[in-house]
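Quick note: the coordinates plus some simple rules give every number you see, no bench work behind them. Every value quoted in this text rests on a predicted model; they were computed, and no experiment measured them. Every residue, glycine among them, receives a Cβ derived from its backbone with ideal geometry; neighbour counts consider all protein chains shown.
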């Protein structure tokens, strides 16, 4: 089990909450573009439906995510911990979104001082992110299996 994962079910729940902010905000638009044959790439802001901005505000708010986590912890105790991956998604988005295109409204519904981060489409950010994940996973794997005998 990777990074403290208890079992596949807990991992799946954490994964779903981790991708949920982007899937809810952009999922429909993504599939619409695939099936209508629209071109990919960064769309012009004027062509994005207004409901997407509302969904993005809700799903990328630490306030909303933390309230959901708190409610989950009250109702389900420790079983709600995977919901924290929603907040982790937002924390990763804050420094990796520029103010030019979908800055992260992490304090919504309150006024948010946007962070002009370095976007994911910058190659050194994209590849260093993957490299960091690989290093962390390799360290975890080594720590877990280094002292175990092969046979």
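At a glance:
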{"quantity": "Two-site label geometry, residue 74 and residue 8: point separation in nm, points 7 Å out along Cα→Cβ", "calculated": "3.5"}
{"quantity": "Helix-only mean residue ellipticity at 222 nm for the chain, each DSSP H run of n ≥ 4 adding -39500 (n - 2.57), per residue, nearest 500", "calculated": "-19500 deg cm²/dmol"}
{"quantity": "Mean Cβ neighbour count within 10 Å, used as a protection proxy, ranking 88-101, 113-126 highest first", "calculated": "88-101, 113-126"}
{"quantity": "Fewest-first sequence of 26, 35, 53 by Cβ atoms within 10 Å of each Cβ", "calculated": "35, 53, 26"}
{"quantity": "Rounded to 10°, Cα long-axis angle of helix 8-36 versus longest principal axis of the chain", "calculated": "30"}
{"quantity": "Per-residue Cβ neighbour rank within 10 angstrom, fewest leading, 128, 85", "calculated": "128, 85"}
{"quantity": "Radius of gyration, Dmax [the chain; alpha carbons; angstrom]", "calculated": "18.1, 61"}
{"quantity": "In degrees, nearest ten, helix 62-76 long axis to first principal axis of the chain (Cα)", "calculated": "50"}
{"quantity": "Rel. contact order, % - alpha carbon contacts under 8 angstrom, at least six apart, region 13-151", "calculated": "24"}
{"quantity": "Packing-based order for 72-82, 12-22, 130-140, using average beta carbon neighbours within 10 Å, highest first", "calculated": "12-22, 72-82, 130-140"}
